[in-house]
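The structure appears below as structure tokens.
The values are calculated or read from the model by the stated rules, or taken from the named source; none is laboratory data. What you see is a predicted model, and the numbers here were worked out from it, not measured in a lab. Cβ sites come from the backbone with ideal geometry, for glycine too, and all protein chains shown count toward neighbours.
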Amino acid sequence: MTSVNELIRAAAARETSTRPPGGAQKPGAPAHRRPIALRATGLTSCGTGLAEDPWTIDREEGYGPGASVEDPIPGDAPRQGPLPAEYTEASEEELHARIVAAKEALGDRVRILGHFYQRDEIVQHADFVGDSFMLAQAAKSHPEAEAFVFCGVHFMAETADILSGPDQAVILPNLAAGCSMADMATIEQVEDCWRELVFEFGVEPDAQGRQPVIPVTYMNSSAAIKAFCGRNGGIVCTSSNARTVLEWAFARGQRVVFFPDQHLGRNTAKAMGITEDEMPLWRPHLPLGGNTTQALRESKVILWNGFCSVHKRFTVDQIERARAEFPGVRVIVHPECPAAVVEAADGAGSTEYIRKEIEAAAPGSVIAVGTEINLVNRLQEQHPELTVFCLDPVVCPCSTMYRIHPAYLAWTLESLLAGEIPNRIVVADDVAGDSRVALERMLAARP
């Protein structure tokens, strides 16, 4: 089975070799094809820079090549310092051997947490693999560990630090592994929004004791925004319990403001019978988020104008092509996809839902998946009895998950062996306290 990294390198090489001097690709140039893909579609990668090592771009502006390459990045986004040459110049085999040796020497003192969307070269070393919620739970459930090496992105490491013990270190191997969706809502923007909403609605509860607005934030947000929710009677949600969380919120509030992912909020609310007219979009740079007072007063869910650049790539056209190519195909997508895509699919749910759906599929089934390519590629490899492929015909991984390279993992583990704690993620006590309130509410909101 070809790894995503090999696919990217081959696609980038093909693009380069077929690109004329002016830079545009030749019409009809052959494109790379994955082992299982739509036969009617040529394949490519979303950027030749994906074939480069991440340390060559870690200090450049932006999120780097991949799905988030065009997303604006905050000026204060963390940047990773240079790695020693012994890691950047090491071969894949050497890095693998060093990681295995360091992990064995560290034993149970250090646990490696690997997100579903990580490279295969990272996942193979992880003690726990899952989505952000599952990995945060793993951090909370292992008090014996002295440190957690979180192979994911920044907001996940923050959540692990909040839920783990005070003497446990949480480390992000590459500080440049952020999240463009999380960065689409800053604490300053959220507080400005809240002030406008309080001005419009006041703070007095109605006759049923429900406050005017309940803030709900997706896990994919900063610790500061989770703390804001904790302070203001709000809660955190995951893609697997978003409906349960909205039900919790409506029992306590007249309406919800949901950030930062508009698509998860919209898809969840629509499944609950809430109409588009009752879900105005809040654009943080406009007065009242670009809405009228009447639209806000008639709202049930105020959606923040944020999105996941990976899941935004999936389209109804891709689903239609899959159905034409493979009659009887089952299409399952992540709820961060646009509403039209979710409605056209056969099922939608979290990464864990997608994994379980594929595990339960009958041999010979054909399943098209709308989520990050590393997970889809791995599921295809794990289930040779099925035909599993990604709806998006372009090999375009999450820009920031892709930043965690084995060189960073080897450097992190060997630093721990030497008694150093690199790239420790520490959430301030006051922020952690309020965040923990919202997170504990989330943990109690079981679907």
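Values computed for the structure shown
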{"item": "Residue that is nearest to the chain's Cα centre (by Cα), among those in region 423-434 that are buried (at least 19 other Cβ atoms within 10 Å of the Cβ) and on the phi < 0 side of the Ramachandran plot", "result": "I425"}
{"item": "Pick from region 389-406, criterion at pLDDT below 95 and aliphatic (A, V, I, L, M), ranking: nearest to A126 (Cα to Cα)", "result": "M401"}
{"item": "Selection within region 362-373 - part of a loop (DSSP other than H, G, I, E, B) and of a type in the set (A, V, I, L, M, F, W, C)", "result": "A362"}
{"item": "Counted residues, region 40-57 - those being of a type in the set (G, A, S), in contact with a strand residue (DSSP E or B) (Cβ under 9 Å, 6 or more places away or on another chain) and modelled with pLDDT under 80", "result": "0"}
{"item": "Matching option when the condition is more than 24 Å from V216 (Cα to Cα), of a type in the set (G, A, S) and not assigned by TED's automatic domain parsing to the domain that holds Y117, among A295, A269, A345, A339", "result": "A345"}
{"item": "Residues of region 366-408 classified as over 21 Å from A345 (Cβ atoms) and of a type in the set (S, T, N, Q), total", "result": "3"}
{"item": "Where L106 falls short, out of the listed (1) in a helix (DSSP H, G or I); (2) touching a residue at least 60 places away in the same chain (Cβ under 8 Å); (3) closer than 19 Å to R355 by Cα", "result": "(3)"}
{"item": "Test: residue in region 302-319 that is of a type in the set (A, V, I, L, M) and under 19 Å from I274 (Cα atoms)", "result": "yes"}
{"item": "Unmet criterion (only one of (1) at pLDDT below 95; (2) part of a helix (DSSP H, G or I)) for E359", "result": "(1)"}
{"item": "Considering residues of region 357-374 that are over 16 Å from F326 (Cβ atoms) and touching a residue at least 40 places away in the same chain (Cβ under 8 Å) only, the residue surrounded by the fewest Cβ atoms within 10 Å (Cβ to Cβ)", "result": "N374"}
{"item": "Of all residues in region 392-422 being hydrophobic (A, V, I, L, M, F, W, C) and more than 20 Å from the chain's Cα centre (by Cα), the one that is surrounded by the fewest Cβ atoms within 10 Å (Cβ to Cβ)", "result": "A418"}
{"item": "Residues (part of a helix (DSSP H, G or I) and within 20 Å of the chain's Cα centre (by Cα)) located in region 245-277", "result": "V245, Q262, H263, L264, G265, R266, N267, T268"}
{"item": "Residue within region 73-96 that is farther than 23 Å from R59 by Cα, of a type in the set (A, V, I, L, M) and without any contact (Cβ under 8 Å) to a residue 24 or more places away in the chain present", "result": "no"}
{"item": "Selection from region 326-356 of residues that are in a strand (DSSP E or B), closer than 16 Å to L386 by Cβ and in contact (Cβ under 8 Å) with a residue 60 or more places away in the chain", "result": "V331"}
{"item": "Unmet criterion (only one of (1) crowded, with 20+ Cβ neighbours inside 10 Å; (2) within 30 Å of Q189 (Cβ to Cβ); (3) touching a Leu at 6+ places or on another chain (Cβ under 8 Å)) for I112", "result": "(2)"}
